[in-house]
Amino acid sequence: MTATRVPRRLGFIHLVPTSRTNPRRGLEDAIELFRFAEELGLDSGWIRTRHMQYGLSAPAVLQAAIAQHTTRIHLGNAVIPVGFENPFRLAEDLATADLLSGGRLEPGLSVHGPGYPDDALNDLVYDSGWREEDYTYARIERLRSFLRGDKVREKPEYLGFGGDVDSERVEPHSPGLAERLWYGGGSLRSAEWAGANRFNWLMSNISSTENGVREFDLAQQAQIETFHGATPADHRGHVSVARVIVPTDGATDHQIARYRDYVEARTPRTKKVHGKNTIIALDVLGSLDEILEYIKTDAAFQSGDDYLFELPFELELDDWKQMLTQLATRIGPSLGWEPGAPL
């Protein structure tokens with residue numbers, strides 16, 4: 001059985017869970033997982049950003065470390081919430097990591113204003129000026145301008161102190177990074193903006209029901225159509241589709257039992273609309289044939305370019321390796337994808 005659409009690229013998303021007692025282990029496991037994924041021939045690995053949680057809060061630092069243990073795999077973010085960031089400083093960090101990786105970063109970005117219900121906490125996290133800050137799409141456009149190397153000042157006259165090292169743009173500059181940006185969204189409005197502004201479109205297992213469309217894959221298919229419809233004719237924006245997909249082939253009985261418990265515990269949240277219009281995709285647990293059938297009949301997968309498998313959070317390195325092995329050696333090839341193909 002083969003899906004009707006061959007993915008352009010195949011990859012995974014990793015939360016990088018840490019612990020209170022041994023946070024280093026989660027970071028080291030992530031480096032090992034990316035090294036392993038590259039050996040399997042996967043095209044990309046993406047990391048989530050988490051603040052004030054047991055996850056990764058400094059993605060560019062970890063990506064720079066991963067870059068020293070890999071040579072080919074692309075390093076993505078799914079996603080960096082730019083509201084927490086100073087776009088100027090984030091541009092410096094991303095460019096540094098991209099240079100160390102040899103141009104393999106694919107920053108995924110999102111934007112929203114401070115969301116903590118306690119304004120005193122917002123003051124601590126964002127500084128007291130957050131009430132006047134601009135948390136619209138313009139914040140991401142400013143970041144892209146910095147990454148593009150746009151001039152931000154006149155170069156000051158050299159006064160003889162410490163060498164003539166001043167620059168008129170943000171440094172370091174990594175050529176091409178500004179063209180590898182993704183916007184992570186889940187609404188028609190965001191899809192239209194991302195397309196019109198020449199970003200790539202990154203979707204996850206959380207989205208929005210709009211215009212009466214409740215089926216998850218059809219809601220995302222509508223976003224993909226909106227994205228491409230808004231994209232300028234001279235630009236080909238790429239679409240990435242991500243789901244939590246848990247292959248049982250190659251797993252031990254103990255692993256399968258834990259995988260099943262994980263999926264069953266999360267299934268009730270997929271049965272309702274959360275808040276105003278948030279919907280969540282069902283986690284997919286099954287054999288090779290079951291996973292292929294799911295992908296083949298999912299409208300978003302059949303409309304997208306890149307496929308990303310979101311690794312379950314509360315598992316271990318050996319579990320994630322088993323899943324990536326199935327993705328790279330059986331699922332991907334059954335979709336027509338070839339491991340280690342030129343990127």
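Each residue in the stretch 1-55 was checked for being within 30 Å of E85 (Cα to Cα), among the charged types (D, E, K, R) and free of Cβ contacts under 8 Å to residues at least 24 places away in the same chain, and 3 pass.
Looking only at residues of the stretch 238-277 that are within 24 Å of A299 (Cβ to Cβ) and among the aliphatic types (A, V, I, L, M), we find that the one that is surrounded by the fewest Cβ atoms within 10 Å (Cβ to Cβ) is V273.
Here R236 meets each of (1) at pLDDT 95 or above; (2) under 20 Å from the mean Cα position of the chain (by Cα); (3) not in a helix (DSSP H, G or I) with one exception, condition (1). Just one of the listed residues (I295, I291) is β-branched (V, I, T), on the phi < 0 side of the Ramachandran plot and in contact with a Phe, Trp or Tyr (Cβ under 9 Å, 6 or more places away or on another chain), and it is I295. For the criterion of being of a type in the set (S, T, N, Q), assigned to a strand (DSSP E or B), within 17 Å of the chain's Cα centre (by Cα) and modelled with pLDDT of 95 or more, S204 fails.
When you check G160 against the structure, is it under 27 Å from I47 (Cβ atoms) and either small (G, A, S) or assigned to a loop (DSSP other than H, G, I, E, B) (or both), yes or no?
no
Looking across L292, L285, L308, one residue alone is within 21 Å of L202 (Cβ to Cβ) and aliphatic (A, V, I, L, M). It is L308.
Whenever a residue of the stretch 62-75 is in contact (Cβ under 8 Å) with a residue 24 or more places away in the chain and surrounded by fewer than 23 Cβ atoms within 10 Å (Cβ to Cβ), its partners that are of a type in the set (S, T, N, Q) and not in a loop (DSSP other than H, G, I, E, B), lying with C-beta atoms within less than 7 angstrom and at least six residues away or across chains, give the pairs A64/T96; A67/S101; H74/S44. Does the stretch 132-162 hold any residues that are small (G, A, S) and either under 21 Å from A95 (Cβ atoms) or surrounded by 13 or more Cβ atoms within 10 Å (Cβ to Cβ) (or both), and which are they? Once the filter is applied, which keeps residues that are small (G, A, S) and either under 21 Å from A95 (Cβ atoms) or surrounded by 13 or more Cβ atoms within 10 Å (Cβ to Cβ) (or both), the stretch 132-162 yields A138, S145, G149. Just checking, does the stretch 174-183 include any residue being farther than 22 Å from A300 by Cα, surrounded by 21 or more Cβ atoms within 10 Å (Cβ to Cβ) and in contact with a strand residue (DSSP E or B) (Cβ under 7 Å, 6 or more places away or on another chain)? Looking through the stretch 174-183, at least one residue is farther than 22 Å from A300 by Cα, surrounded by 21 or more Cβ atoms within 10 Å (Cβ to Cβ) and in contact with a strand residue (DSSP E or B) (Cβ under 7 Å, 6 or more places away or on another chain). Any residue in the stretch 141-170 that is in contact (Cβ under 8 Å) with a residue 40 or more places away in the chain and within 28 Å of Y183 (Cβ to Cβ) sitting within a Cβ distance under 9 Å of a residue that is aromatic (F, W, Y) and surrounded by 14 or more Cβ atoms within 10 Å (Cβ to Cβ)? List the pairs, counting only those 6 or more apart or interchain. Close Cβ pairs (under 9 Å, with a partner that is aromatic (F, W, Y) and surrounded by 14 or more Cβ atoms within 10 Å (Cβ to Cβ)) amount to V170/F146. Among the residues of the stretch 81-104, those identified as under 19 Å from D150 (Cβ atoms) and among the aliphatic types (A, V, I, L, M) are V82, L90, A91, L94, A95, L99. Filtering the stretch 302-327 to residues that are farther than 19 Å from T252 by Cβ and part of a helix (DSSP H, G or I) leaves Q302, S303. Residues of the stretch 163-177 that are within 16 Å of F88 (Cα to Cα) and under 21 Å from the mean Cα position of the chain (by Cα): S174, L177.
Yes or no, residue by residue, for (1) more than 22 Å from F227 (Cα to Cα); (2) modelled with pLDDT of 95 or more; (3) assigned to a strand (DSSP E or B):
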| position | (1), (2), (3) |
| --- | --- |
| L100 | yes, yes, no |
| P114 | yes, no, no |
| V165 | yes, no, no |
| G186 | no, yes, no |
| A194 | no, yes, no |
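Within the stretch 134-149, the set of residues being in a loop (DSSP other than H, G, I, E, B), out of contact with any Lys or Arg (no Cβ under 8 Å at 6 or more places or on another chain) and either among the acidic types (D, E) or more than 19 Å from D119 (Cα to Cα) (or both) comprises D134, T136, Y137.
The values are calculated or read from the model by the stated rules, or taken from the named source; none is laboratory data. Quantities reported herein were computed from a predicted structural model and do not represent experimental measurements. For neighbour counting, all protein chains shown are included, and Cβ atoms are generated from backbone atoms with ideal geometry for every residue, glycine included.
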